[in-house]
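The structure under discussion appears below in the form of structure tokens.
The values are calculated or read from the model by the stated rules, or taken from the named source; none is laboratory data. Keep in mind the model is a prediction, meaning the values are calculated, not measured. Cβ coordinates were reconstructed from backbone atoms using ideal geometry, including for glycine residues, and neighbour counts include every protein chain displayed. Surface areas here come from the heavy atoms of the whole protein model, side chains and all, with no ligands, DNA or RNA. Shrake-Rupley method; radii C 1.70, N 1.55, O 1.52, S 1.80 Å.
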Amino acid sequence: MNKKNVGLVLGLVVIIGMVMLLGKNDQNNTETGKGHVVFAVTDAATDMKGVTSVLLGVSEVRVKNEAGTWMTVSEEEKQFDLLRLKENGTWAFLAETDMPADTYREVRLSVTSVMVTRDGKTE
């Protein structure tokens with residue numbers, strides 16, 4: 001992919017949602033010291049000037065806790081059309097897991113591919 005397309009993709013605002021869902025039994029989750037985390041992806045890009053599709057391939061989701069330890073959340077390969085998510089105003093499921101209660105400072109996605117279709121050409 002050339003620098004122009006990389007800049008285009010980086011110009012897209014990909015929002016990764018990390019939501020702690022304590023579920024119906026908050027007391028049980030407090031006792032176990034864990035919470036349920038759901039990761040989702042959406043796009044909030046502005047006018048893309050001729051771009052009709054941005055396919056993002058992700059093969060891994062990891063999070064880093066306050067101590068600096070990385071934890072793998074998912075190694076499932078998934079693909080998302082970011083512009084379809086934007087058009088529909090929706091989020092796409094990325095991963096979910098139960099995680100120890102902690103402060104998480106970073107989320108890392110392993111991006112396997114980015115395919116941009118602009119003016120009928122895919123790169």
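Table for the structure above
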read-out	value
All aspartates and glutamates inside 20 Å of Lys86 as judged from Cα atoms, apart from same-chain residues fewer than 8 positions distant	Asp43, Asp47, Asp119
Virtual spin-label span in nm between Thr97 and Thr32, 7 Å along Cα→Cβ	1.5
Protection proxy ranking of 53-59, 74-80, 103-109, 33-39 - average other beta-carbon atoms within 10 Å, highest first	53-59, 33-39, 74-80, 103-109
Candidate residues Thr112, Thr117: accessible-area rank, largest first, probe 1.4 Å	Thr112, Thr117
Length gained when the stretch Thr117-Glu75 is fully extended (0.36 nm per residue, less Cα-Cα span)	12.5 nm
Filtered trypsin sites (Lys or Arg not before Pro), segment 38-68: DSSP coil and at most 11 other beta carbons within 10 Å	Lys49
